[in-house]
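The values are calculated or read from the model by the stated rules, or taken from the named source; none is laboratory data. Note that this is a predicted model, so its numbers are computed, not measured. Positions of Cβ are generated from backbone atoms using ideal geometry, with glycine treated the same way; all protein chains shown enter the neighbour counts.
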């Protein structure tokens, strides 16, 4: 499981003057936030509280559904969230057919983007006790400006990956190596369809 930085407590104010200054500052931030919200952007001062995926200053946010894939054969995913947005439960070897609404992601990818994934396990009645709840900060691979759905992949030993894509895991354009897709595989029919479209678009390559 990845390490997560622990939040520090905010220092308390001690005088009436401090409280007055703090009040004016908060009122100013609230007014600015309302202006940015109407324009579709969010200020840096409120990024941690208001923007998923650790968004930077004035990033355009778009909605995205949350789904997942369980690559394990023994444990089910009872619950999971991506920056607080919940996804569906996932049986062993299951996923991809159900999505929950909605998280928000930046329209334009940038290096270093991360999300906080939290999840819990469960098992069949009478089975071994499930592992404890887990959480991890996960970096987001590059995605196109078309964005897509947030797809969380759960692997053995508490490993997790997050992909943002318009394509399902069986599509040849899904941004993941064949080994990491298992037990899913890229659809041969989708590969043939993609090749046919490419041939029609460029019938005389020579």
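Residues checked against (1) over 18 Å from residue 73 (Cα atoms); (2) modelled with pLDDT under 90:
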position	(1), (2)
121	no, no
126	no, yes
141	yes, no
145	yes, yes
154	no, no
167	yes, no
174	yes, no
186	yes, no
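Check residue 125 against each of (1) in contact (Cβ under 8 Å) with a residue 24 or more places away in the chain; (2) over 15 Å from residue 165 (Cβ atoms); (3) assigned to a loop (DSSP other than H, G, I, E, B) and name the one condition it does not meet.
(1)
Given the structure, is residue 105 within 13 Å of residue 163 (Cβ to Cβ), modelled with pLDDT under 95 and in contact with a strand residue (DSSP E or B) (Cβ under 7 Å, 6 or more places away or on another chain)?
Judged against the criteria, residue 105 is a match.
Anything in segment 138-152 that is surrounded by 15 or more Cβ atoms within 10 Å (Cβ to Cβ) and more than 10 Å from the chain's Cα centre (by Cα)? List them, or say none.
Matches in segment 138-152: 143, 147, 148.
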